[in-house]
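Here, each number is a calculation from the coordinates, and none is a lab measurement. Model, not experiment: these values are computed from the prediction. Cβ placement follows ideal geometry from the backbone for every residue including glycine, while neighbour counts extend to all protein chains displayed.
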Amino acid sequence: MKKKFSLFTICLFLAASLTAQTTSLDYNGTDNYILTERTDLRRYDNNKYIGLMSREVKSFIVPSYSDGRRVYEGDFYVEQDTKHSAVALDDGIHDAIVSVFAIDEEGTFEMLEDNGYPSFRSFPAYPQKELEKGESWTATSERAVDPRGDGVITRMPIYVQYTYSSDQIFNGRPVYVIKAAWATRYGTNTKYIDLDGDPELKSATGKHDATIYLDKETGAALLIRDQVDESFTYNSGEKIAYKGTISLFTEYPASVNTQELMDDIDLLVQEADIDYKDTDAGLMLIIKDLQFVANSPELLPGEEKRLDQIAALLKKVPQNQILVEGHTARVGDESDELGLSLERAHTIVRELTARGVPKDQFITKGSGGTKPVADNDTPEGRARNRRVEITILTNRTSLRGTK
């Protein structure tokens, strides 16, 4: 079920300005950005301390404009998780968890593809008016939770009271300081039930107190630090409690000067049967007709030179994340094709890391046959659809000279 709810203005996409004794926070939201959510929570099962649950989730989010609203597509991945290490492969490759959401001109937020991320939706939110220091307001947001960590997501409405607290200097930058507080209220004894959530989750209670540092110049939320104390009760009588902090950071990707890369790119086009194009997410290299063993992620001999040339190019962008997306021709079972395309993306990443590209730069995704570029009914078309795309993730405004 798609979720819709209204908001005022989302902090992660703000441009803020100061006018006389009041502050105006205005909606912007055109640039790619990196969102990091770091949790450091002490877990208690049935009042017994279990341990510190530390996790860091990163995402690269790309805005686009469609049908009168902005659509944000994010590739989320767990970079560090002391409890749920299965999300990241043993060899350090990070698989993307796709999330897509939209915000229309009225400020209505809708999840289009919901896999549990981002966990905070429409938070923080601000009224579309000038604010005086000390002024308070309330707004409705949503939070996605998975207390057991078993992949069953429950969405809870949260009713947040905000206060424009003060002006400060944070990490050398002038910021607005916003305070936010809300209570965790969910379950059979309230009116808040997620019919698509965990049917075993009976209730949730607790409180949150957050401090938001909003950059005066860019409007970015440099840091949101949330103090958490909440508990979750299940139909079985099991009780899970968390106490600690959740921190959210907004960053912007490193720029890429494509003019400096053009000699390498031209060589790839001429010698390696590789194409390239500018996309909203960044500079994409398209490796056409990769030679794999049939129905296998194993590369056939003969691809070494192409991989050498690609690795040489990627070493020149050490500050950027790199998305490797595998594709197959659609000729069989869709789920098998999705798995095979992801395994082939893993193969390419392993080959590139063996050639000296740091593995922590990579995110992998498998799309199977869902994104064909040619007709699957012909051998030539199927060959074109069997490809791997490598995107150097960047701010779209930094791309110059691409076709």
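A few comments on the model shown:
- Relative contact order for the range 258-398: 33 percent, from Cα pairs under 8 Å spaced at least 6 residues apart, divided by residue count.
- Taking amide H as placed 1.01 Å from N in the peptide plane, the amide H of Tyr252 sits under 5 Å from that of Ile34, each at least 5 places away or on another chain.
- In this structure, the residue pairs whose Cα-Cα separation is over 23 Å, taken from Lys277/Lys305; Lys288/Lys315; Lys216/Lys243, are Lys216/Lys243.
- Charging the Cβ of each Asp and Glu at -1 and of each Lys and Arg at +1, and nothing else, the dipole of the chain about its Cα centre rounds to 1180 debye.
- Computed helical MRE - 222 nm, the chain, DSSP H runs ≥ 4 contributing -39500 (n - 2.57), nearest 500: -4000 deg cm²/dmol
- Over the chain: Rg over Rh, Cα atoms, Kirkwood Rh: 1.00
- Taking 0.36 nm per residue of separation and subtracting the Cα-Cα distance, full extension of the segment from Glu304 to Glu334 would add 7.9 nm.
- Taking 10 °C and 1.306 mPa s as conditions, the range 258-398 diffuses translationally at an estimated 104 µm²/s according to Stokes-Einstein applied to its Kirkwood radius (Cα pairs).
- Amide H contacts under 5 Å for Asp95, placed H, 5+ residues apart: Leu89, Thr364
- Residues Thr138 and Asp196, FRET efficiency given R0 of 25 Å [Cβ-Cβ distance, rounded to 0.05]: 0.45
- Net charge of neighbours whose Cβ lies under 14 Å from the Cβ of Glu303, counting Lys and Arg as +1 and Asp and Glu as -1: +1
- Cross-link partners of Lys133 among aspartates and glutamates (Cα-Cα below 17 Å; sequence separation of 8 or more within a chain): Asp26, Asp167, Asp215
- Between the range 110-127 and the range 280-344, the Cα center-to-center distance that results, in Å: 31
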